[in-house]
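Structure record follows, encoded as structure tokens.
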Amino acid sequence: MSRLLIALAAALVLAASALAAGPPVQADLEAEIVCPTCKTTLDQSNAPIAVRMKTYIRDRIAAGDSSAEIKSQLVDQFGPGVLAEPPKRGFDLLAWLLPLGAVAVGAVVVGALAVTWSKRRNATDDASVDDLDPELEQRLDEELDRFEA
């Protein structure tokens, strides 16, 4: 019985999220599509082709097309360069992985430098204490004893 209630609750949550998503929003699509003329997103462009593309998007939304369908139709017409976000497959995957790789390499380099600097600093501190003149060390101990008393 409890499994049935859990399954029913999950189905209701999924249905509510599907209804909440609703149709694609034109402003979202305009931010994801690039104008072929000026190479900026449609929401920032007023070029004649961008105006026609915005009208096309509005008409396709009114016809009930999904965001994926509209993007696919625009890619068919203008090519993959019309997408503001490169696809996450093939050679275009480098556009996603190279920045992450650069950040990872940078973090490793900074970490290695920090460890090196820390060891060098500790070695310098230890050497300066060991190199103290015995007379000076005795005088320092006497002064500290007098200060603590």
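Structure summary
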quantity: Residues within the range 26-51 that are surrounded by fewer than 20 Cβ atoms within 10 Å (Cβ to Cβ) and without any contact (Cβ under 8 Å) to a residue 40 or more places away in the chain, tallied; calculated: 14
quantity: So D59, is it within 18 Å of E85 (Cβ to Cβ), part of a helix (DSSP H, G or I) and either at pLDDT 85 or above or open to solvent by 80 Å² or more (accessible area, probe 1.4 Å) (or both); calculated: no
quantity: Every residue from the range 91-109 that is of a type outside the set (A, V, I, L, M), over 25 Å from Q44 (Cα atoms) and open to solvent by 60 Å² or more (accessible area, probe 1.4 Å); calculated: F91, P99
quantity: Only listed residue being in a loop (DSSP other than H, G, I, E, B) and at pLDDT 85 or above, chosen from P36, P99, P86; calculated: P36
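The values are calculated or read from the model by the stated rules, or taken from the named source; none is laboratory data. Just so you know, these numbers come straight off a predicted model, no measurement behind them. Counting neighbours? That spans all protein chains shown, and the Cβs are built from the backbone with ideal geometry, glycine included. In case anyone asks, the SASA skips ligands and DNA or RNA and just uses the protein heavy atoms, side chains included. Shrake-Rupley method; radii C 1.70, N 1.55, O 1.52, S 1.80 Å.
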